[in-house]
Amino acid sequence: MGVRGVLRTMGEGLVGFWCPGCQELHMINTDASERPAWSFDGNYEAPTFAPSINVTGVRRLTDDEHARIMAGERIAPTPRVCHSFVRGGHIEFLSDCTHALAGQTVALASPEPPIESGA
């Protein structure tokens, strides 16, 4: 497990890239014997994956929202979508993304923040 180029290797067939739209690591499987799996061109400096990567879920709570929930307030989860193509070392964010980079293309950067190993 470690950083190789602009990707974080997470084990056999599992790689991650830093998403500046979500401010988190997105991980995908490239081992064709496991499903789902994405094709990977093997270029760790400027990778291409196929097909598109569609990360869905809910937005993380802010500290303020957490405190309000702990005080008894009901807060509805905010859905999130991050749908992109990673091609030639760039993330092409599709228009259905719910973050500020929807419709934009940005270069992949080193996977941050570093994952600390337990002592």
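Conditions (1) on the phi > 0 side of the Ramachandran plot; (2) not hydroxyl-bearing (Ser, Thr, Tyr), marked per residue:
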| site | (1), (2) |
| --- | --- |
| Pro36 | no, yes |
| Gly42 | yes, yes |
| Thr62 | no, no |
| Ile75 | no, yes |
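Among the residues of this structure, Glu45 does not count as one that is more than 18 Å from the chain's Cα centre (by Cα) and either assigned to a loop (DSSP other than H, G, I, E, B) or free of Cβ contacts under 8 Å to residues at least 12 places away in the same chain (or both). Filtered by the rule that a residue be polar (S, T, N, Q), at pLDDT 95 or above and surrounded by 11 or more Cβ atoms within 10 Å (Cβ to Cβ), the stretch 68-110 gives Ser84, Thr98, Gln104, Thr105. Evaluation of Pro113 against the conditions (1) modelled with pLDDT under 95; (2) under 15 Å from Thr56 (Cα atoms) shows that the sole unmet condition is (2).
Please go through the stretch 1-41 and pick out each residue that is assigned to a loop (DSSP other than H, G, I, E, B), in contact with a Ser or Thr (Cβ under 9 Å, 6 or more places away or on another chain) and under 19 Å from Ala107 (Cβ atoms).
Gly5, Val6, Gly21, Asp41
When Glu92 is tested against (1) within 23 Å of Ala109 (Cβ to Cβ); (2) more than 15 Å from the chain's Cα centre (by Cα); (3) acidic (Asp, Glu), exactly one condition is not met: (2).
Look at (1) of a type in the set (A, V, I, L, M); (2) within 21 Å of Arg4 (Cβ to Cβ); (3) touching a residue at least 40 places away in the same chain (Cβ under 8 Å) and you find that Ile28 fails only one, number (3).
Pairs, please: C-beta under 7 Å, at least 6 apart or cross-chain, first residue more than 30 Å from Ser52 (Cα to Cα) and in the stretch 65-83, second assigned to a loop (DSSP other than H, G, I, E, B)? The qualifying pairs are Glu65/Ile75; Arg68/Ile75; Ile69/Ile75. Restricting to the stretch 12-34, name every residue that is within 19 Å of Ala46 (Cβ to Cβ) and out of contact with any Leu (no Cβ under 9 Å at 6 or more places or on another chain). The answer is Leu25, His26. Of Gly103, Gly57, all but one fail to be without any contact (Cβ under 8 Å) to a residue 24 or more places away in the chain and within 14 Å of the chain's Cα centre (by Cα); the exception is Gly57.
Out of all the residues in the stretch 81-108, which are among the hydroxyl-bearing types (Ser, Thr, Tyr) and part of a loop (DSSP other than H, G, I, E, B)?
First, the residues of the stretch 81-108 that are among the hydroxyl-bearing types (Ser, Thr, Tyr): 84, 95, 98, 105.
Passing the criteria: Ser95, Thr98.
The values are calculated or read from the model by the stated rules, or taken from the named source; none is laboratory data. What you see is a predicted model, and the numbers here were worked out from it, not measured in a lab. Positions of Cβ are generated from backbone atoms using ideal geometry, with glycine treated the same way; all protein chains shown enter the neighbour counts.
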